[in-house]
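Here's the structure we're looking at; comments come further down.
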Amino acid sequence: MNESCNDKHFSLCNILQKAEQEHKLSKNEIVELLKSDGGLLYKSADRTRKQYKDDFVHLRGLIEFSNICRCNCFYCGLRAENSLIDRYRLTENEILDCANIAIDAGYKTIVLQSGEDMFWDSNKICSLIKKIKQKDVAITLSIGERSYEEYKKFKDIGADRFLLRIETTDKNLYKQLHPNMSFENRVQCLWNLKKLGYETGTGCLVGLPNQTIESLANDILFFKELDADMVGIGPLIPHPNTPLKDANKDNFDMALKVMATVRILMPDINIPATTAMESIRENGRIIALNSGANVVMPNFTESEYRKKYEIYPNKICINDSPKKCMNCIKLKIESIGRKISETKGYRKES
Ligand code: 5AD
Ligand code: SF4
Ligand code: FES
C-alpha cells in the first residue's frame, strides 16, 4: 500500500492498512497510531480524505456573536469568572450584516457561535435563524447546551447543523475541568441533536492536564459511536487568565495525530482545519488540510469584536477584516492545489 512500509514500520503499516480498508480499529491499535511519529498516519489520512472528499475545501463563515458565557470551563478565556475580558454581544442587525458579507462572497454556510449566553433565548435565536435562512445557506449553531425543546425549535425553523464538542470523554477529567456542568447532560445533548436530525459536530481538546493517549483513543471511539457528522480537534492553548495557565503548550502534533486518525476511521465526515492549529503553528491549517481536514472556518466577526473573543491567547487574525481573511484563505487553499467548494458541504451531498 505504501512504499515506506519497512521492517521498522511493519506493525504501524499493518494497522494503517486495516484502518484504510475497514475504517475500524481497536482502542489499542488507535493508541499505537497516536504513539507513532505521525508521518505515515498523515499520509494515510490525506489519501482517505482525497478518496472520500476529493480536493474540495468547504468554507464556513464564522460569526462570534457574543463572548458572554455562564460556564467556567477551566481552559477557556471566556469563562464567567474571567473578569479581565471585555464582554460584548452583537445586535441582530450586526449579526445579519456579518452574515451578508459572507453570503455575498459566496459562502454557503454561516456558523453562529457564542458562549452560553442566555440573553439569546430561543425566540431571539429563532428570529435570527429565520432571517438568515431567507438566503440559500446552511446554518450551523455553536451556542452550547440547551434543552431538547429548544434544539427542536431551532431545527424546525431551519438550523441545519450544531457543534458541541464533548471536550473529553474522561468523566473524571470532565468533572474537574467543568465546574457545575454534567458530563451526562452533554452526552445527552449530542444524542438529542442527532435524534432531531441535525448534522452533529463534536470534538475534543488535546493536551488537557492528566489526559492520556488512552483517553484520546476513547474520544475517537466516542465520535464513531455517536456517528458524528463533523469532528473538530483543537490543541489546548493555555490562557493566562484561567486555571490552566501553566498547562503544556506543545499540543500541535498530538492534535494533528488525533485529527488524522479520525479521518481514517470516519472517512466521509467533515473535519475542520481549526483556527487553534494555526494559532500555535505557522501554516497549521494548511498542514491540517494535508493531513485529513477538508473544512476551514474563516472569521467574519467585525474587527472591533474579534480580539475580544479570546478563547485562547495569540489567536490568529484578530486585527484582520473579514475581507482580508477571505482572500488570504482562498490563496492558501489554492496554493496547495485544492479547490473551494461551491456547495453547502453536507456530509452526504445529495
Ligand atoms: N485552547 C484551545 N481551545 C479552546 N477552547 C476553549 N478554550 C480553549 C483553549 N484554551 C475550545 C473548546 C470549545 C471551543 C469553542 O473552543 O474546545 O469547544
Ligand atoms: Fe463558555 Fe464554551 Fe468557553 Fe466553556 S468553552 S467557558 S462553554 S465559551
Ligand atoms: Fe485571517 Fe489569513 S485567515 S489573515
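No value in this document is a laboratory result; all are computed from the given coordinates. These numbers come from a predicted model, not from an experiment. Methodologically, a virtual Cβ is constructed for each residue, glycine included, from the backbone with ideal geometry; neighbour enumeration extends over all protein chains shown.
Its Cα centre serving as origin, the range 1-88 has a Cβ charge dipole (Lys and Arg +1, Asp and Glu -1) of approximately 260 debye. Total lysine pairs in the range 1-82 at Cα distances under 16 Å, for residues eight or more apart or on different chains: 6.
Modelled label positions at GLU94 and GLU334, each set 7 Å beyond Cα in the direction of Cβ, lie 3.3 nm from each other.
The residues CYS328, CYS204, when put in order of fewest to most other Cβ atoms within 10 Å, stand as CYS328, CYS204.
Cross-link reach is defined here as a Cα-Cα straight distance under 20 Å, omitting same-chain residues fewer than 8 places apart; for LYS330 the aspartates and glutamates meeting it are ASP46, ASP54, ASP55, ASP104, GLU278, GLU282, GLU302, ASP320, GLU342.
Mean residue ellipticity, 222 nm, helices only, the chain: the sum of -39500 (n - 2.57) across DSSP H runs of n ≥ 4, divided by residue count and rounded to 500, is -13000 deg cm²/dmol. Structural descriptor for the chain: relative contact order 24 percent, calculated from alpha carbon pairs under 8 angstrom and at least 6 residues apart. Phi angles across the range 32-48 convert, under the Karplus curve 6.51 cos²θ - 1.76 cosθ + 1.60 with θ = phi - 60°, into 3J(HN,Hα) values of 4, 4, 6, 7, 6, 6, x, x, 5, 4, 5, 5, 5, 5, 5, 4, 4 Hz, Gly and Pro given as x. Under 17 Å from a label point set 7 Å out along the Cα-to-Cβ vector of GLU342, the amide N atoms of the range 126-141 belong to 136-138. For the chain, the Cβ-based charge dipole about the Cα centre amounts to some 400 debye (Lys, Arg positive; Asp, Glu negative; other atoms uncharged).
Annotation: for a label point projected 7 angstrom from Cα along Cα→Cβ of ASN241, residues of the range 48-76 with backbone N closer than 19 Å are 64-76. Summary value for the range 120-196: 32 percent relative contact order, contacts being C-alpha pairs under 8 angstrom separated by 6+ residues. Each residue of the range 57-62 was assigned a 3J(HN,Hα) from its phi angle through the Karplus expression (A = 6.51, B = -1.76, C = 1.60, θ = phi - 60°), giving 10, 8, 9, 10, x, 8 Hz with x at Gly and Pro. Of the residues ASN93, CYS126, ALA80, the one whose Cα sits farthest towards the positive end of the charge dipole of the range 72-130 is CYS126 (charges of +1 on Lys and Arg Cβ, -1 on Asp and Glu Cβ, taken about the Cα centre). Phi angles across the range 282-294 convert, under the Karplus curve 6.51 cos²θ - 1.76 cosθ + 1.60 with θ = phi - 60°, into 3J(HN,Hα) values of 4, 6, x, 6, 5, 4, 5, 4, 8, 10, x, 6, 9 Hz, Gly and Pro given as x. Comparing ILE269, PHE183, SER291 along the charge dipole axis of the chain, the residue lying farthest to the positive side is ILE269, per the Cβ-charge model. In a fully extended conformation the segment linking ALA105 and LEU221 would gain 38.0 nm over its present Cα-Cα distance, using 0.36 nm per residue. For the range 117-226, the Cβ-based charge dipole about the Cα centre amounts to some 440 debye (Lys, Arg positive; Asp, Glu negative; other atoms uncharged).
Working ranking of peptides 299-306, 222-229, 178-185 by packing, defined as the average number of other Cβ atoms within 10 Å per residue, highest first, is 299-306, 222-229, 178-185. Tell me which residues come under 5 Å, amide H to amide H, from VAL111 once H is placed; ignore anything under 5 positions away on its chain. Excluding prolines and chain starts, which carry no amide H, the hits are GLY61, LEU62, ILE63, THR140. For THR169, the residues 5 or more places off, or on other chains, whose built amide H falls under 5 Å of its own are ASP219. Classification of the range 261-350 by its C-alpha gyration tensor yields a prolate form. The axis ratio a/c (a ≥ b ≥ c) is 1.5 or more, and a/b outweighs b/c. With a threshold of 20 Å on the Cα-Cα distance, the over-threshold entries among LYS124/LYS153; LYS171/LYS224; LYS131/LYS323 are LYS131/LYS323. For PHE56, nonlocal amide neighbours, meaning residues 5 or more places apart or on other chains whose placed amide H falls under 5 Å from its own, are LYS339.
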